[in-house]
1. Could you check how many residues of segment 134-167 are touching a helix residue (DSSP H, G or I) at 6+ places or on another chain (Cβ under 9 Å) and over 17 Å from Lys5 (Cβ atoms)?
2. Yes or no: segment 10-21 includes at least one residue that is in contact (Cβ under 8 Å) with a residue 60 or more places away in the chain, of a type in the set (S, T, N, Q) and outside any strand (DSSP E or B).
3. Check segment 33-41 and report whether any residue there is more than 11 Å from the chain's Cα centre (by Cα) and part of a helix (DSSP H, G or I).
4. Tell me, yes or no, whether segment 149-165 has at least one residue that is of a type outside the set (D, E, K, R) and more than 16 Å from the chain's Cα centre (by Cα).
5. Against the conditions (1) within 18 Å of Ala160 (Cβ to Cβ); (2) part of a helix (DSSP H, G or I), where does Ala56 fall short? Just the number, please.
6. Within segment 68-79, take every residue that is touching a Cys at 6+ places or on another chain (Cβ under 9 Å) and hydrophobic (A, V, I, L, M, F, W, C) and give me the one that is farthest from Ile26 (Cα to Cα).
7. Could you tell me which numbered condition Leu53 fails, if it satisfies all but one of (1) touching a residue at least 60 places away in the same chain (Cβ under 8 Å); (2) touching a Phe, Trp or Tyr at 6+ places or on another chain (Cβ under 8 Å)?
Amino acid sequence: MQRFKIGAGHLFIRQGDITTLEVACIVNAANSRLAGGGGVDGAIHRAAGADKLQEACQAIITDIGSLPPGEAVLTPGFNLPAKHIIHTVGPIWHGGTSNEPELLRSAYLNSLKLAHEHTIKTIAFPAISCGVYGYPVEDAARIALSALKEGLESGLVEEAGMVLHGDEAYSLWKNVAEDIL
């Protein structure tokens, strides 16, 4: 694990399973229907208790219709060590011509703002949009880490970090962090 002091807070980058992390909140890279799915989204639904989490997500969707890319909502963590889950939708990569960088930045910042509104002090993120949504990983890392840095400098949370799967992803994100932080 790598840690960086930013303002009064800390940013961490680590490998592992986000569903087992003991933080106040984890972020789910959700789809716009909050319907669960593959990758980290499916893993979070399974670990939290799919029935309970799906019921909470469905109540949100009944109220708002769908969750647009860049926005975020909150549910309980149910069976997770984390008390809360923030669900955010990252953009699908279309070559960078469909506002993808701004939407990805918004997904991270709106998650941090929502955490702050609920007095959540520690939060862990997956690599939003880097799986089936096809976002170029190094570009995503620069956007994400810059957004986390901004949120920490603004005092939105005390600790924010990235939880990555595999040596290659961890190394890339760590190198980007060392470059920009």
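What follows is calculated from the coordinates using simple rules that are stated; it is not laboratory data. Remember, it's a predicted structure, so these values are computed and weren't measured experimentally. Ideal geometry is used to build each Cβ from the backbone, glycine not excepted, and the neighbour counts take in all protein chains shown.
1. Initially, segment 134-167 is screened for residues touching a helix residue (DSSP H, G or I) at 6+ places or on another chain (Cβ under 9 Å), giving 135, 137-152, 154-165.
Subsequent filtering for residues that are over 17 Å from Lys5 (Cβ atoms) retains 135, 137-144, 147, 163-165.
Number satisfying all stated conditions: 13.
2. If we filter segment 10-21 for residues that are in contact (Cβ under 8 Å) with a residue 60 or more places away in the chain, which is where we start, we get 10-21.
Filter once more, so that each one left must be of a type in the set (S, T, N, Q): 15, 19-20.
Next, from what is left, pick out any that are outside any strand (DSSP E or B): 19-20.
Yes, some residue in segment 10-21 is in contact (Cβ under 8 Å) with a residue 60 or more places away in the chain, of a type in the set (S, T, N, Q) and outside any strand (DSSP E or B).
3. Of segment 33-41, the ones more than 11 Å from the chain's Cα centre (by Cα) are 33-39.
Of the ones still in play, those that are also part of a helix (DSSP H, G or I) are 39.
Yes: segment 33-41 contains one or more residues that are more than 11 Å from the chain's Cα centre (by Cα) and part of a helix (DSSP H, G or I).
4. First, pick out the residues of segment 149-165 that are of a type outside the set (D, E, K, R): 151-152, 154-157, 160-165.
Add one more test, that the residue is more than 16 Å from the chain's Cα centre (by Cα), and what stays is 154-155.
Yes: one or more hits.
5. (1)
6. If we filter segment 68-79 for residues that are touching a Cys at 6+ places or on another chain (Cβ under 9 Å), which is where we start, we get 73-75, 77.
With hydrophobic (A, V, I, L, M, F, W, C) added as a condition, the list becomes 73-74.
Working: Val73: 12, Leu74: 10 Å.
Among them, the one singled out is Val73.
7. Condition (1) is where Leu53 drops out.
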